[in-house]
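Here's the structure, in structure tokens; my notes come after.
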Amino acid sequence: MWWKCGLSGVQGRAAPAYNRPGAAAVTGMFAERTNWNLTPNRLSLALAERRSRGEQVLDLTASNPTACGFVYDQQAILRALANPGALAYSPNPRGLEPARSAVAGYYRERGRAPAVDDIFLTVSTSEAYSWILRTLCNPGDAVLVPAPGYPLFACLSDIADVRLVRYPLVYDHGWQMDFHALEQAVTPTTRAVVVVHPNNPTGHFTSPGEAERLGEFCASRGMAVIADEVFLDFAFEVAKGQRPRGAPRSFAGNTMALTFTLSGLSKICGLPQMKAAWLVVSGPEGAKEQACERLEVIADTFLSPNAPVQLALPALLELRAGFQRQVGERLRRNLAELDRQLAGPAVAASRLKVEGGWYAVIRVPATRPDEHLAVELVAKHGVYVHPGHFFDFPGNGYVVVSLLTPEPEFAEGTRLLLEP
């Protein structure tokens with residue numbers, strides 16, 4: 001719900017408006033960490049109003065793959081979930097061994113070889129973040145996150161009583177980490193640096209050189225790397241079939257600094273409803289061993305993943321190629337359509353370079369706040385896009401669109417977005 005209210009973007013936390021009788025009297029019952037601004041923002045109100053009138057909405061923010069027209073092997077999925085082993089309860093804090101072995105196999109195909117015991121299953125990457133923050137941070141400690149970046153980090157840090165500090169990504173013929181700014185952001189209470197590989201929404205991969213430098217940076221300061229790789233499998237092919245900067249390599253298996261690598265079925269297989277994700281621990285042996293011991297206590301406390309999905313995970317991972325092939329074709333066609341329209345006469349917009357993921361960033365004239373443009377697009381044309389401030393872009397003039405949107409809807413929505 002972050003996109004509906006004041007939680008999104010740089011607006012931060014503010015006291016919510018309580019309109020229910022007696023609400024003010026019970027405000028003191030609740031933790032300050034949950035005192036979020038839940039007032040609906042202008043964009044969500046405009047969207048709700050249009051939908052209440054039954055008018056069409058061209059949704060260029062689509063992120064739910066199960067609602068985007070992709071074909072799934074339904075019988076294979078249902079067979080995987082019908083494993084009779086799910087009738088017995090055999091809890092393992094790190095997750096059932098066959099499922100973790102399948103995850104290890106996924107990384108072996110990418111040239112990494114994490115040990116099965118270094119893998120923890122969770123119900124989501126959000127839960128994985130929560131466990132990692134609880135493992136690394138005392139209340140008030142800081143974690144560095146990229147900007148632009150995903151707004152959910154703000155909620156995760158609030159819930160964990162962790163202070164979120166943003167470090168800027170710089171755009172200069174492509175996105176890059178600003179290591180000088182990163183160094184300036186570090187304090188004695190900084191515990192980790194988050195890197196999203198590829199980033200959401202910018203779609204850039206961390207280069208091998210940046211990954212090595214980041215490992216050295218964190219190792220020398222006693223900090224951890226948290227690598228979010230949910231979109232890792234979705235790299236765009238470029239000229240001569242080569243992927244940008246070479247095939248993107250996972251952070252799993254990184255030994256320079258203590259590293260937590262996150263992913264899951266939601267994006268890899270297009271199955272967010274399965275609630276199956278994982279984190280991989282790597283790094284110097286002593287730090288890795290201590291991290292795993294502490295994580296196991298947290299995992300054993302909750303025992304979150306359910307048996308049917310854990311038992312189905314090996315088969316579900318095997319199905320990912322068919323899904324990813326469909327998504328890859330959709331992403332490339334929509335990106336080509338966007339470029340075609342941007343090349344038209346009198347179009348005062350451009351696309352920023354993108355290397356992977358499901359989104360594209362469009363640079364538009366910064367003549368008004370991005371939210372004003374997004375609200376106008378909904379009200380006037382029924383086109384729904386995310387304004388750049390939702391993702392902490394450095395100023396106005398950015399909108400983010402999803403390349404996952406079905407192609408006819410994407411083409412028409414883009415046409416209206418770019419209309420003079």
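Numbers for the structure displayed
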{"quantity": "At most 13 other Cβ within 10 Å, DSSP loop - chymotrypsin sites (Phe, Trp or Tyr not before Pro), the stretch 116-218", "calculated": "none"}
{"quantity": "GNM flexibility winner over the chain from Gly203, Gly222, Gly28 (Cα, springs under 10 Å)", "calculated": "Gly28"}
{"quantity": "Fully extended contour minus Cα-Cα distance, from Glu407 to Glu97, at 0.36 nm per residue", "calculated": "107.6 nm"}
{"quantity": "Neighbourhood net charge (15 Å Cβ-Cβ; Lys/Arg +1, Asp/Glu -1) for Asn254", "calculated": "-2"}
{"quantity": "Cα-projected label distance for His372 with Ala31, points at 7 Å along beta-carbon direction, nm", "calculated": "3.9 nm"}
{"quantity": "DSSP-assigned coil residues among trypsin sites (Lys or Arg not before Pro) in the stretch 23-117, each with at most 15 further Cβ atoms within 10 Å", "calculated": "Arg53"}
{"quantity": "Estimated FRET transfer efficiency when R0 is 25 angstrom, pair Asp161-Ala181 (beta carbons, to 0.05)", "calculated": "0.50"}
{"quantity": "Hull shadow area, averaged, the stretch 92-169 [alpha-carbon convex hull, nm²]", "calculated": "6.4 nm²"}
{"quantity": "For the chain, calculated [θ]222 nm from helices alone, where every DSSP H run of n ≥ 4 adds -39500 (n - 2.57)", "calculated": "-11000 deg cm²/dmol"}
{"quantity": "Accessible area of the chain divided out per residue, in Å², using a probe of 1.4 angstrom", "calculated": "44 Å²"}
{"quantity": "Whole-Hz couplings from phi, Karplus 6.51/-1.76/1.60, listed for the stretch 55-72; x for Gly and Pro", "calculated": "8, 5, 10, 8, 8, 9, 10, 3, 9, 8, x, 6, 10, 10, x, 7, 9, 10"}
{"quantity": "Gained length - Arg108 relative to Arg213, 0.36 nm times residue gap less alpha-carbon distance", "calculated": "35.4 nm"}
{"quantity": "Projected label distance in nm at Arg42 and Leu78, using a 7 Å step from Cα toward the beta-carbon", "calculated": "4.8 nm"}
{"quantity": "The chain - percent of accessible surface contributed by carbon and sulfur, probe 1.4 Å", "calculated": "53 percent"}
{"quantity": "Counting DSSP beta bridges with both ends in the chain, the antiparallel % (nearest 5)", "calculated": "55 percent"}
{"quantity": "Cα-based Rg and Dmax for the chain, where Dmax is the largest Cα-Cα distance (Å)", "calculated": "21.7, 66"}
{"quantity": "For the stretch 400-406, 3J(HN,Hα) per residue [Karplus equation, 6.51 cos²θ - 1.76 cosθ + 1.60, θ = phi - 60°, Hz, x = Gly/Pro]", "calculated": "10, 10, 8, 7, 7, 4, x"}
{"quantity": "Amide H contacts under 5 Å for Ala142, placed H, 5+ residues apart", "calculated": "Arg163, Thr190, Arg191"}
{"quantity": "Distant-in-sequence amide H partners of Arg351 (H built 1.01 Å from N, under 5 Å)", "calculated": "Arg363"}
{"quantity": "Long-range HN-HN contacts of His386 with modeled amide H, under 5 Å", "calculated": "Val400"}
{"quantity": "Stretch gain in nm, segment Arg50-Asn64, where the contour uses 0.36 nm per residue and the Cα spacing is subtracted", "calculated": "2.9 nm"}
{"quantity": "Selection of trypsin sites (Lys or Arg not before Pro), the stretch 182-222, meeting DSSP coil and at most 16 other Cβ within 10 Å", "calculated": "Arg221"}
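The values are calculated or read from the model by the stated rules, or taken from the named source; none is laboratory data. In this text the structure is predicted, and so the values were computed from the model without any measurement. Positions of Cβ are generated from backbone atoms using ideal geometry, with glycine treated the same way; all protein chains shown enter the neighbour counts. When the accessible area is computed, the model is the full protein with side chains, heavy atoms only, and any ligands, DNA or RNA have been set aside. Shrake-Rupley method; radii C 1.70, N 1.55, O 1.52, S 1.80 Å.
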